[in-house]
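Nothing in this text is a laboratory measurement; each read-out follows from the coordinates by a stated rule. Computed from a predicted structure; not experimentally measured. No Cβ is skipped: glycine too gets one built from the backbone with ideal geometry, and neighbour counts run over all protein chains shown.
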Amino acid sequence: MTALPLVFAFGLAAANLTGMWTLKYEKDFSGHPASRECTVQQDGERLSGTCGGEAKMTGRVKNGKVTFEHQTGRNNEITAHYSAVLNKDGTAMKGTWQYLLPPDRKPRRGEFTLTRR
């Protein structure tokens, strides 16, 4: 399965996540360490962006936390969910990702960091 990454989090209401970020997976969807370059756009509480030039994400920033998701899998049949917390400087975040593996819906989980470039 190809890892199509996406991620984001938020600390203070005044922080703006728009910009370039580096996503690092402790273990990606295939179980290996990986990193991707991401571009994020923030409009109020809404987030959108891409990672690795192909994975399109959508999400929200609220109360110091960010959640987002994107489609992955051979036929984009899997929804990967992310959640993270932004550091007080607004330069890095750490969180977890998860998805349910078809057909038995077995959960897969991992950790990631996102650092502003």
Quick check: pseudo-label points 7 Å beyond the Cα along Cα→Cβ at N75 and R116, how many nm apart are they? 4.2
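Set the Förster distance to 35 Å, then compute FRET efficiency between R105 and D43 from the Cβ-Cβ distance, nearest 0.05.
E(calc), rounded to 0.05, equals 0.60.
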Quick calc, the chain, dipole around Cα centre from Cβ unit charges on Lys, Arg (+) and Asp, Glu (-), nearest 20 debye, gives 200
Residue by residue through segment 30-38, what is 3J(HN,Hα) from phi via Karplus (6.51 cos²θ - 1.76 cosθ + 1.60, θ = phi - 60°)? Round to whole Hz and write x for glycine and proline. 9, x, 10, x, 7, 9, 9, 8, 10
For the chain, with a Gaussian network of springs between Cα atoms less than 10 Å apart, report the residue from M93, M57, M20 with the top mean-square fluctuation. M20
List the relative contact order of the chain as a percent without decimals, with contacts defined as Cα pairs under 8 Å and 6+ residues apart. 29
Amide H to amide H under 5 Å from K65: which residues, 5+ apart in sequence or cross-chain, H placed 1.01 Å off N in plane? F10
For K56, give me every one of the lysines with a C-alpha distance below 18 angstrom, ignoring sequence neighbours fewer than eight places off in its own chain. K24
Of the listed peptides 98-107, 63-72, what is their order by residue-averaged count of other C-beta atoms within 10 Å, with the highest listed first? 63-72, 98-107
